[in-house]
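Chemist: Got a structure for you, questions after.
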Amino acid sequence: MIRQLLAEALGTAFLLIGVVGSGSMGAMLADGNTAVALLANAIATGAILYVIITIFGPISGAHFNPAVTLAFLIRGEIALPRAAAYVAVQIAAGILGVWATHLMFDLPVLQLSQTARTGMAQWWSEILATFGLVLIIFGGIRHRPEAVPALVALYITGAYWFTASTSFANPAVTIARGLSDTFAGIDPAHAPMFIAMQIVGAVLATGVAIRLFPRD
């Protein structure tokens, strides 16, 4: 259990370092070109996802995401006490990852984002983004387990561009990004609706996955 929680903590922390760090670097170097900054953000996030899922997956399952943990809980593949511990560690480690990134870029550690991300289009995007992520995870586990790191990395890299919300698809990431007033931030007041939509997407995808990808 300690190994699993440590893997979840390190993986989630490095995920946020990848997201917020690449967003900050992209914004610094893009000279106001948000398309270039988003491209850098997407590529770096996909790259770090591939790495952390590959190395931590055999230890903890590489959830790094309360919505994914919820999906495994619904399918009966993780017990409630362990799921609760995973979620607590994911949220705490995500926040620590954001703070570590602020130190790296010589920014104030404690911040609140002022980036508005709200509205029906954004909320619907989060449902679709999380639905797709969870479905891809279960489909990959069922048919090509060794390809799951690449499948998730490619999906999130693409979803940065084909969703209006840039595909947060992760409650822990949403909470942590609310504490960063950088390119990757989200106003904390707008985070609860994002999280609610992510949960909806995860639950819907789990129901579909049970039909499409039944366990042996």
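Chemist: Of A205, G18, V51, whose Cα points farthest to the positive end of the dipole of the chain (charges on the beta-carbon: +1 Lys, Arg; -1 Asp, Glu; origin at the Cα centre)?
Modeler: Farthest towards the positive pole: A205.
Chemist: Using Cα pairs under 8 angstrom and six or more residues apart, how large is the relative contact order of the range 12-57, in percent?
Modeler: On the way: 32 pairs, mean separation 19.6, N = 46.
This gives 43 percent for the range 12-57.
Chemist: Summarise the long-distance tail of P(r) for the range 1-128 by giving the % of C-alpha pairs beyond 17 Å.
Modeler: Result: 65 percent of Cα pairs exceed 17 Å.
Chemist: Points 7 angstrom from Cα along the Cβ direction at A147 and M104: gap in nanometres?
Modeler: 3.1
Chemist: Ok, one more. Output the DSSP H helices from the chain with an along-axis C-alpha extent of no less than 18 Å and a mean Kyte-Doolittle hydropathy no less than 0.5. Walk me through the numbers on the way to the answer.
Modeler: Values: long enough: 2-30 (41 Å, 1.38); 34-60 (37 Å, 1.86); 80-104 (36 Å, 1.24); 120-143 (34 Å, 1.06); 148-162 (20 Å, 1.50); 191-212 (31 Å, 1.74).
Going by DSSP H runs, the hits are 2-30, 34-60, 80-104, 120-143, 148-162, 191-212.
Chemist: On average, how much accessible surface per residue is there in the chain, in Å², for a 1.4 Å probe, leaving out ligands, DNA and RNA?
Modeler: Values: 9750 Å² over 216 residues.
Solvent-accessible surface per residue comes out at 45 Å².
Chemist: Let me ask something else about it. Hey, any idea what % of the range 68-216's accessible area is carbon plus sulfur with a 1.4 Å probe? Spell out each step's value before the answer.
Modeler: Numbers: 4910 of 6840 Å².
Carbon with sulfur: 72 percent of the solvent-accessible area.
Chemist: Quick one: dipole size for the chain, taken about the Cα centre, charges +1 on Lys/Arg Cβ and -1 on Asp/Glu Cβ, in debye to the nearest 20. Working shown, then result.
Modeler: On the way: 9 positive and 9 negative charges, 120 e Å.
Once rounded to the nearest 20, the dipole reads 580 debye.
Chemist: Determine the sum of side-chain charges near V68: Lys and Arg each +1, Asp and Glu each -1, restricted to other residues whose C-beta is under 12 angstrom from that of V68. Please list the in-between numbers first.
Modeler: Details: positive: R75; negative: E8, E77.
Its environment carries a net charge of -1.
Chemist: How long is the chain along each principal axis, judged by its Cα atoms, biggest number first, in Å?
Modeler: Principal extents (largest minus smallest coordinate, Cα): 52, 37, 30 Å.
Chemist: Which FRET efficiency, nearest 0.05, do R215 and A88 yield, Cβ-Cβ r, R0 22 Å?
Modeler: On the way: r = 27 Å, r/R0 = 1.22.
In this case the efficiency is close to 0.25.
Chemist: Roughly how many Å² of Y86 are accessible to a 1.4 Å probe, to the nearest 10?
Modeler: Per-residue accessible area (Y86): approximately 10 Å².
Chemist: According to a simple spin-label model (label point 7 Å from Cα along Cα-to-Cβ), what is the distance in nm between A35 and L112?
Modeler: 3.5
Chemist: Then there's this: Using the Cα atoms as the points, what is the convex hull volume per residue of the range 56-119 in Å³? Walk me through the numbers on the way to the answer.
Modeler: Details: hull volume 8.0 nm³, N = 64.
Once divided by residue count, the hull of the range 56-119 is 124 Å³.
Chemist: Moving to a separate point now. How high is the relative contact order of the range 44-98? Use alpha-carbon pairs under 8 Å, at least six apart in sequence, and give a whole percent.
Modeler: Rounded, it is 25 percent for the range 44-98.
The values are calculated or read from the model by the stated rules, or taken from the named source; none is laboratory data. Treat the numbers as computed from the prediction; the structure is a model and nothing was measured. Positions of Cβ are backbone-derived with ideal geometry, glycine not excepted, and every protein chain shown enters the neighbour counts. Areas reflect the complete protein model, heavy atoms only, side chains present, ligands, DNA and RNA absent. Shrake-Rupley method; radii C 1.70, N 1.55, O 1.52, S 1.80 Å.
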